[in-house]
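A.B. asks: So that we are looking at the same thing, I have put the structure below in structure tokens.
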């Protein structure tokens, strides 16, 4: 394998060793029900969600409310208790959120709809057509008017069937706030990668140019932490070890690289890499790849 970007006779031995390591590459693990091929992936979950406002006039139960249990299987299958809300109560309900709304409360609504299997996509924070259809289906199953708008009656019923979502439930597909940059990221050109917030900052002389969501290897194939340098870029890289594409690969430690992952784009944090830093936004990493140079610093920290 050629490594045309690495020059200098003084580094010949290091380059040769790097070529051997890179030949394997790293890509998404073949995942089973628990997100990994041979051992369960440990996904960090923050049990407390960020502070949020509760719609005025509604009290939200503490803990996991009693009441209905989520249906097994798909929404159309299985039987549920006969617990429909009277139509009079539904008419008096006040609309909380509807199509076109956005914000953290909408993100929580979507996370709870995922728990009861009425929504497949990760929370986006935008009340779109998929959310409207999910709410309508949820309402129809319980004898409520199928408006697709989340009113107080629909919301209370959903609260009774779901639990408070954690941080990663709310940000399954990314979009979470970036952590404060590590002090080692404040000088020079740096790919500043935070494991705690699962984000990458592209920084130049202490200024954040862009940020993006990332995911890492599992505990069995962890992404290495420390200070590294980009030593090789490969736009159309394919892992010879896993026979899988690693577009926009920027190698920084042996076979570990920052690269685009179509699996991350499709499934979010349900999977894991074999140690690489996966990016789900292809447009963002294409732009990043065009800016990053060999020799730029990479800092991976907690």
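Each value in this text was obtained by applying a stated rule to the coordinates, not by laboratory testing. Please read these numbers as outputs of a predicted model, since none were measured by experiment. Cβ atoms come from the backbone with ideal geometry, glycine included; neighbour counts cover every protein chain shown.
A.B. asks: Any idea how far apart residue 242 and residue 94 come out in nm if each label point goes 7 Å out from Cα toward Cβ?
C.D. replies: Output for this residue pair reads 5.0 nm.
A.B. asks: Arranged by the count of other C-beta atoms within 10 angstrom, fewest first, what order do 300, 95 take?
C.D. replies: Lowest to highest Cβ neighbour count: 95, 300.
A.B. asks: With labels modelled as points extended 7 Å from the Cα through the Cβ direction, what inter-label distance (nm, one decimal) is found for residue 120 paired with residue 204?
C.D. replies: About 4.1 nm separates the two model spin labels.
A.B. asks: I would also like to ask the following. For a quick check: sort 204, 285 by the number of other beta carbons within 10 angstrom, fewest at the front. All intermediate terms of the calculation are to be shown ahead of the outcome.
C.D. replies: Details: 204 13, 285 26.
Sorted ascending by nearby Cβ count, the order is 204, 285.
A.B. asks: Measuring from label point to label point, each 7 Å out along Cα→Cβ, what is the residue 282 to residue 266 span in nm?
C.D. replies: 1.2 nm
A.B. asks: Okay, next question. Where does each of 111-119, 288-296, 231-239, 244-252 land if you order them by average Cβ count within 10 Å, highest first?
C.D. replies: Ranked by mean Cβ neighbours within 10 Å, highest first: 244-252, 111-119, 231-239, 288-296.
A.B. asks: Something else about it: Contour minus end-to-end for residue 219 and residue 129, with contour as 0.36 nm per residue of separation and end-to-end as the Cα-Cα distance? Intermediate values should be presented prior to the final figure.
C.D. replies: Details: separation 90, 0.36 × 90 = 32.40 nm, distance 3.71 nm.
Here the segment from residue 219 to residue 129 would lengthen by 28.7 nm.
A.B. asks: I'd like the distance between the alpha-carbon centres of the range 252-302 and the range 236-251, rounded to an integer number of Å.
C.D. replies: Cα centres, the range 252-302 to the range 236-251: 11 Å.
A.B. asks: Listing 182, 129, 169 from the residue with the fewest other Cβ atoms within 10 Å to the one with the most, what is the order? Let's see the in-between values first.
C.D. replies: On the way: 182 18, 129 9, 169 22.
By the 10 Å Cβ count, ascending, the order reads 129, 182, 169.
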